[in-house]
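All remarks here apply to the structure that follows.
The values are calculated or read from the model by the stated rules, or taken from the named source; none is laboratory data. Here the structure is a predicted model, which is why all the values come from computation and not from measurement. Every residue, glycine as well, gets a Cβ built from its backbone with ideal geometry; the counts of neighbours run over all protein chains shown.
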Amino acid sequence: MGLTNKGRICLYDDFLGAALRGEYAGVTENSGTAAVVVGQEGGAATVLTGTSSGNRAHISAGLNWKAASGSIYFEARVKPITDITLRANFVGLTDTVAQENPIEYSTTTVTANATDAVGFMFDTAGTVAKWHAAWVKAGAASTLVAGVFTHDGVQPAPVAGEYENFGVHVNTDGDTVFSYGRDTGNKYGLREVLRVSDTVTPTVLLTPHVGIETRTTAAKEAYVDYIDCEGGRA
C-alpha cells in the first residue's frame, strides 16, 4: 500500500485480479468455492459453500496478529448473495486458519469452536436471527457471550445483495470496540456500536476471517469486497 508507518504490520486487499493473492487462503468443503470473482467492478472475493448441510467456506490470512504487541484493527465489507436464509456467518478475528465456524448460535445457546475469537455472528439457527457481536476468550464458557447492538436504533440483519461493513478493534488488554455500517443509498461507513472488556487473550495469535456455513442442502454464498487488518510489530 506504500505505507510509511513501519511500526505497524498492515494487510489490505481489494481482491483485484484473477486469483487470491498469496497472503490469503480460501478453505472450502464439498466442492465449495473461496476465490476472487473474475470481472467484478472494484474487486471482490466469494465464499460459497457446498450443498450438504453444515458445509463451510471461508477466507483467512496467516496467524500474524497479536493484540499484546500493539492492538489489532480488522475491517471487512461483506454481502450475502441470493438470500439470507438457513445460513451462518462469522466476520472477525480467530485463532486458526483451519476450517471451522469460530462462533455459532443455536436457539439461545452460543457455541465456540475457536478457543479465542472476536467478531460479528449471524446464525439463522438462533432464536434471534440478527447480527450479534460475539467473543470467546481462552475457551472459557463463562466468557462465551453474544452481545446485542443496534444500528440506527435497530438490531441489524443481513439483506440479500447489500454490503455491510464490520470493524473490530482489539486493544493490548484484549478489550474490543465493535463498529458496524450498512450501505444505504450508495453511502457506507462505520460507527461504533459496542465496547466489551476481556474479549480475547491478548497474547494469542489471530487471523482475519470471513466465513459462511449452510444450514440446508443448498449452497450459500457471500461476497467480500475488501479485508483490512493491521497490528503492532513485535
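Of these, Ile72, Ile59, which one is more than 18 Å from Gly32 (Cβ to Cβ) and among the hydrophobic types (A, V, I, L, M, F, W, C)?
Working: Ile59 fails: more than 18 Å from Gly32 (Cβ to Cβ).
Checking each option against the conditions leaves just Ile72.
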Looking only at segment 35-68, count every residue that is on the phi > 0 side of the Ramachandran plot and buried (at least 21 other Cβ atoms within 10 Å of the Cβ) and tell me the total.
0
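Just a yes or no: is a residue in segment 161-172 within 22 Å of Gly54 (Cα to Cα) and surrounded by fewer than 14 Cβ atoms within 10 Å (Cβ to Cβ)?
Going through segment 161-172, the residues within 22 Å of Gly54 (Cα to Cα) turn out to be none.
Within segment 161-172, not a single residue is within 22 Å of Gly54 (Cα to Cα) and surrounded by fewer than 14 Cβ atoms within 10 Å (Cβ to Cβ).
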Touching a residue at least 40 places away in the same chain (Cβ under 8 Å) and in a strand (DSSP E or B): is that true of Ala57 in this structure?
yes
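Restricting attention to segment 10-43, report how many residues are hydroxyl-bearing (Ser, Thr, Tyr) and assigned to a loop (DSSP other than H, G, I, E, B).
Going through segment 10-43, the residues hydroxyl-bearing (Ser, Thr, Tyr) turn out to be 12, 24, 28, 31, 33.
If we keep only those that are assigned to a loop (DSSP other than H, G, I, E, B) as well, we get 24, 31.
Count: 2.
In the list Val118, Val97, Val128, Val159, which residue meets the criterion of being in a strand (DSSP E or B) and either β-branched (Val, Ile, Thr) or free of Cβ contacts under 8 Å to residues at least 24 places away in the same chain (or both)? Give the steps one after another, and end with the answer.
Values: Val97 fails: in a strand (DSSP E or B); Val128 fails: in a strand (DSSP E or B); Val159 fails: in a strand (DSSP E or B).
Checking each option against the conditions leaves just Val118.
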Of (1) crowded, with 17+ Cβ neighbours inside 10 Å; (2) without any contact (Cβ under 8 Å) to a residue 12 or more places away in the chain, Thr109 satisfies every one except (1)
Looking at (1) in contact with a Leu (Cβ under 7 Å, 6 or more places away or on another chain); (2) crowded, with 16+ Cβ neighbours inside 10 Å, find the lone condition where Pro80 falls short.
(1)
Criterion: surrounded by 14 or more Cβ atoms within 10 Å (Cβ to Cβ) and modelled with pLDDT under 95 - qualifying residue of Leu3, Leu20:
Leu20
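What do you reckon, is Asp198 within 27 Å of Leu63 (Cβ to Cβ) and in a loop (DSSP other than H, G, I, E, B)? So that I can check it myself, show each step before the final result.
Working: within 27 Å of Leu63 (Cβ to Cβ): yes; in a loop (DSSP other than H, G, I, E, B): yes.
Judged against the criteria, Asp198 is a match.
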Odd one out for Val177 among (1) in contact with an Asp or Glu (Cβ under 8 Å, 6 or more places away or on another chain); (2) crowded, with 21+ Cβ neighbours inside 10 Å; (3) more than 27 Å from Gly43 (Cα to Cα):
(2)
Given the conditions (1) of a type in the set (A, V, I, L, M, F, W, C); (2) under 24 Å from Pro80 (Cα atoms); (3) buried (at least 18 other Cβ atoms within 10 Å of the Cβ), report the number of the one that Leu206 does not fulfil.
(2)
Of everything in segment 178-198, what is under 16 Å from the mean Cα position of the chain (by Cα) and closer than 12 Å to Glu75 by Cα? Give them in sequence order.
Phe178, Ser179, Tyr180, Gly181, Leu190
